[in-house]
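Participant: Below: one structure in structure tokens.
The values are calculated or read from the model by the stated rules, or taken from the named source; none is laboratory data. Since the model is a prediction, treat every value here as computed from it, not as a measurement. Every residue, glycine among them, receives a Cβ derived from its backbone with ideal geometry; neighbour counts consider all protein chains shown. All accessible areas refer to the heavy atoms of the entire protein, side chains included, with ligands and DNA or RNA removed. Shrake-Rupley method; radii C 1.70, N 1.55, O 1.52, S 1.80 Å.
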Amino acid sequence: MARNVTAPGVLRKAIEVGAVPAAASVSRKGEARWEAGDLSYRVWVWKDTTGALTWDLHIGDAKFGALMSEYGGLSVPVRSSQNSIPWPMTADSLLADFLQEGLGRAGQFVIDRADLCALLCSSEDVHRGDLYTWLPIANYPARLAQALILARDIGEVDLESQILSTLQGDSIRLSNGRSLEILKSAKSWASKYSTALGFDVPI
């Protein structure tokens, strides 16, 4: 009886076809990590409830990511709305195409730290073709605090001003109907980030 490809096997195929860099470290649990320039990458592959091969790529900041690992590594999750195949039985050309068209392109989604900062500032998912960043509204204040850290570090004065202005805005409505004060929540997150980073994140 044929055996399915393992999750690490899928990632090894991704490396073989260039969807993941050869320097990436691959775990037995189906996770790969690597860095390129100012950005860090972390991808998981698994079989979803329908039996399909699924991947989730987080692209974050290489400078502060490790210090912020408890809070997601100052990253955004990149996904695909169309890239899907049944879990593969063999590491064939179908799997290669799937990985190149999905995960390979997803690795190019975030351009640089300034682009990452802008994505963190978004109150909703950002779509680029069939790829998108999953940005739940409930995490919006936390993302704004993270974006503020990046904006200040890279000297994006206009973006910093825009973020501070947004933080003074009205409360946001969550999916459960409750409201959340942006400034109050962001200040709470900034305090936690300050502890993790070892320097103040004033808001």
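Participant: Which of (1) modelled with pLDDT of 95 or more; (2) farther than 21 Å from P77 by Cα is the odd one out, the single condition D170 does not satisfy?
Facilitator: Only one criterion in (1) modelled with pLDDT of 95 or more; (2) farther than 21 Å from P77 by Cα is unmet by D170, namely (1).
Participant: Another question about this same structure. Checking E70 against (1) open to solvent by 80 Å² or more (accessible area, probe 1.4 Å); (2) over 30 Å from L197 (Cα atoms), which test does it fail?
Facilitator: The one condition E70 does not meet is (2).
Participant: Being crowded, with 16+ Cβ neighbours inside 10 Å and more than 22 Å from D48 (Cα to Cα) is the filter here; which residues of region 16-34 pass it?
Facilitator: V17, A24, W34
Participant: Here's another thing I want to ask about it. Restricting to region 109-125, what's the tally of residues that are open to solvent by 50 Å² or more (accessible area, probe 1.4 Å) and closer than 15 Å to I137 by Cβ?
Facilitator: So the count comes out to 3.
Participant: Return the residue satisfying two criteria in turn: it lies in region 35-53 and is among the β-branched types (V, I, T) and farther than 25 Å from D112 by Cα, and of such residues it is most open to solvent (accessible area, probe 1.4 Å). Steps first, please.
Facilitator: To start, the set of residues in region 35-53 that are among the β-branched types (V, I, T) comprises 43, 45, 49-50.
If we keep only those that are farther than 25 Å from D112 by Cα as well, we get 49-50.
On the way: T49: 145, T50: 113 Å².
Per the criteria, the residue is T49.
Participant: Sticking with this structure for a sec: Just checking, does region 80-87 include any residue being surrounded by 15 or more Cβ atoms within 10 Å (Cβ to Cβ) and at pLDDT 95 or above?
Facilitator: First, the residues of region 80-87 that are surrounded by 15 or more Cβ atoms within 10 Å (Cβ to Cβ): 80, 83, 87.
From what is left, the residues that are at pLDDT 95 or above are none.
Scanning region 80-87 turns up no residue that is surrounded by 15 or more Cβ atoms within 10 Å (Cβ to Cβ) and at pLDDT 95 or above.
Participant: Now for a different question. Filter region 98-122 down to the residues that are modelled with pLDDT of 95 or more and among the acidic types (D, E) and list them by number.
Facilitator: Answer for region 98-122, where residues must be modelled with pLDDT of 95 or more and among the acidic types (D, E): D112, D115.
Participant: Taking S75 as the residue in question, decide whether it is without any contact (Cβ under 8 Å) to a residue 24 or more places away in the chain and open to solvent by less than 30 Å² (accessible area, probe 1.4 Å). If you could, list the steps in order and put the result at the bottom.
Facilitator: On the way: without any contact (Cβ under 8 Å) to a residue 24 or more places away in the chain: no; open to solvent by less than 30 Å² (accessible area, probe 1.4 Å): yes.
Against the criterion (without any contact (Cβ under 8 Å) to a residue 24 or more places away in the chain and open to solvent by less than 30 Å² (accessible area, probe 1.4 Å)), S75 does not qualify.
Participant: Take A106 and tell me if it is crowded, with 19+ Cβ neighbours inside 10 Å, of a type outside the set (V, I, T) and within 18 Å of V20 (Cα to Cα). Steps first, please.
Facilitator: Details: crowded, with 19+ Cβ neighbours inside 10 Å: yes; of a type outside the set (V, I, T): yes; within 18 Å of V20 (Cα to Cα): yes.
Against the criterion (crowded, with 19+ Cβ neighbours inside 10 Å, of a type outside the set (V, I, T) and within 18 Å of V20 (Cα to Cα)), A106 qualifies.
Participant: Now a separate question. Is it the case that some residue within region 163-180 is within 21 Å of the chain's Cα centre (by Cα), surrounded by 14 or more Cβ atoms within 10 Å (Cβ to Cβ) and either touching a residue at least 40 places away in the same chain (Cβ under 8 Å) or part of a helix (DSSP H, G or I) (or both)?
Facilitator: yes
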